[in-house]
Amino acid sequence: MESRREGFALAATVLAMLVVGAIVTGGFYAASQETQVTRAVTGGDDALYIAETGLNATLGQATAATLSAMADNSTVTGSAIDVTVGSTVIGNYVASITRINNLYIISSEGTVTRGGMHAGGKRTVGAIARIRSADFDRQAAVMIYGDLKVGGTSEIDGNDYYPSSWSSEGCTLESASSAVVTNPSTNITRQGSGKIEGDITRETLDSGDFTVFGDITWNELIAMRDKYYPASTTVGPAPAVVNNTCNTTVLSNWGSGDPTNACFNYFPIIYAAGNLRISSSGEGQGILLVEGDLDISGGFNFYGVAIVMGEIKMTGTGGHINGTTIVYGGGNIDSSSSTVGNSLLQYSSCAIQRAVLGSSLSRAVPIFNRSWMDITSIQDA
């Protein structure tokens with residue numbers, strides 16, 4: 001009987017060891033599975049972060065000029081761009097843009113490259129975007145809320161114009177443009193040899209005409225400024241070129257209307273927080289925003305859009321604004337702006353278009369309520 005008990009104890013011991021071994025093995029397996037799941041989740045999160053980074057970068061860098069030049073139903077795919085966290089490259093993304101009529105499908109595939117044998121995780125995100133539209137073009141040299149005096153040898157010319165040196169820019173000319181758009185009761189007067197070439201169009205204007213420009217408001221324009229000047233500032237803008245490269249960090253660099261200049265394709269948004277005086281024979285281009293009054297002398301030449309919340313005064317050898325000039329006069333119908341000397345306010349649809357498409361305000365923006373979507377499963381199908 002004793003030998004039978006010893007045999008039973010041995011069998012029980014072996015069984016117990018097998019059970020313990022199974023439990024330990026199961027524990028290791030479960031831990032391994034948890035590790036694999038955690039690694040997969042981490043890799044998926046990294047891939048999603050990389051893909052989102054690529055989508056945001058593409059939305060921020062795709063200019064209206066580039067998008068508008070795409071043919072319908074065409075796709076442009078970029079090269080792989082590395083994404084770093086700290087000093088470590090964690091992966092790369094490849095972004096593509098497809099145009100469908102006036103909408104753009106932007107997708108970004110993120111791939112994890114760190115982790116050795118565990119690298120390779122992929123996620124793809126996409127967005128449907130449109131070009132943010134800024135509309136400053138009332139087809140007039142000047143839109144003004146209050147009175148305007150044109151004296152000396154100054155001129156307001158509503159005939160569409162662009163420099164002959166811009167012939168390769170694809171400019172076209174508008175035929176139905178005005179010299180001045182203003183309220184019905186304002187005084188638009190000519191003194192001395194002052195000239196107004198073109199129609200004076202009268203219509204009831206309100207604050208929205210001077211603060212809302214298509215998809216963009218005055219405050220949004222200010223928020224997107226590239227150059228800032230405090231109130232009561234005198235400036236002398238001129239292009240800044242170093243080693244044949246446009247130095248955009250120079251505050252007084254407002255670009256150039258000269259195609260041979262390195263700053264020809266630089267269109268800053270310039271904001272003055274109060275009155276601004278420009279005393280310069282230099283030049284600039286882009287979008288000029290003046291919270292107060294604008295005083296120009298010295299023959300300064302500007303291409304693009306000038307929006308003045310106060311009044312405008314152009315004196316002496318004057319200045320030239322080629323594009324459109326929008327003058328609110330503080331919303332006062334009795335406000336009085338004037339141009340004298342040899343100044344010129346010239347309508348130029350091409351200067352407006354170049355400033356709008358070339359500046360930072362013209363970008364692709366996601367359609368409402370759909371900033372991005374995960375399309376990994378669609379891409380893998």
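What follows is calculated from the coordinates using simple rules that are stated; it is not laboratory data. Small disclaimer: the values here were computed from a predicted structure and weren't measured. Backbone-built Cβ (ideal geometry, glycine too); neighbour counts: all protein chains shown.
Quick notes
- Total formal charge among the other residues, if their Cβ is under 14 angstrom from that of Phe136, Lys/Arg +1 and Asp/Glu -1: -3
- In summary, the lysines within cross-link reach of Lys149, defined as a Cα separation below 29 angstrom excluding same-chain residues under 8 places away, comprise Lys195, Lys313.
- Using the Cβ of Glu283 as centre and a radius below 15 Å, the other residues enclosed give a net charge of +1, where K and R count +1 and D and E count -1.
- Relative contact order for the chain: 18 percent, from Cα pairs under 8 Å spaced at least 6 residues apart, divided by residue count.
- Arranged from fewest to most other beta-carbon atoms within 10 Å of their beta carbon, Val85, Val94, Val305 become Val85, Val94, Val305.
- Cβ-based exposure ranking for Asp46, Asp157, in which fewest neighbours within 10 Å come first: Asp157, Asp46
- Anchor Lys122: aspartates and glutamates whose Cα lies under 13 Å away (excluding residues fewer than 8 positions away in-chain): Asp45, Asp46, Glu52, Glu109, Asp374, Asp380
- The stretch 140-358 - share of DSSP beta bridges that are antiparallel (%, nearest 5): 5
- Footprinting exposure proxy for Leu288, Leu345, Leu173, Leu205 (fewest neighbouring C-beta atoms within 10 Å first): Leu173, Leu205, Leu288, Leu345
- Note on Rg and Dmax of the Cα atoms in Å: of the candidates (1) 31.8, 137; (2) 26.3, 84; (3) 20.2, 68, the value calculated from this structure sits at (1).
- Gaussian network model of the chain, Cα within-10 Å springs - most flexible of Val180, Val20, Val83: Val20
- Quotient of C-alpha Rg and 2.2 N^0.38 Å, computed over the stretch 140-358: 0.94
- Candidates Asn342, Asn219, Asn56, ranked by Gaussian network fluctuation over the chain, Cα under 10 Å, top entry: Asn219
- Bridge orientation summary for the chain: considering DSSP beta bridges with both residues in this region, about 35 percent are antiparallel.
- The GNM of the chain, with springs linking C-alpha atoms under 10 angstrom apart, assigns the highest mean-square fluctuation among Thr182, Thr234, Thr249 to Thr249.
- Theoretical ellipticity at 222 nm over the chain - DSSP helices of four or more residues, -39500 (n - 2.57) apiece, nearest 500: -7500 deg cm²/dmol
- Between Asp334 and Thr75, the modelled label-to-label distance comes to 6.5 nm, taking each label 7 Å out from Cα in the direction of the beta carbon.
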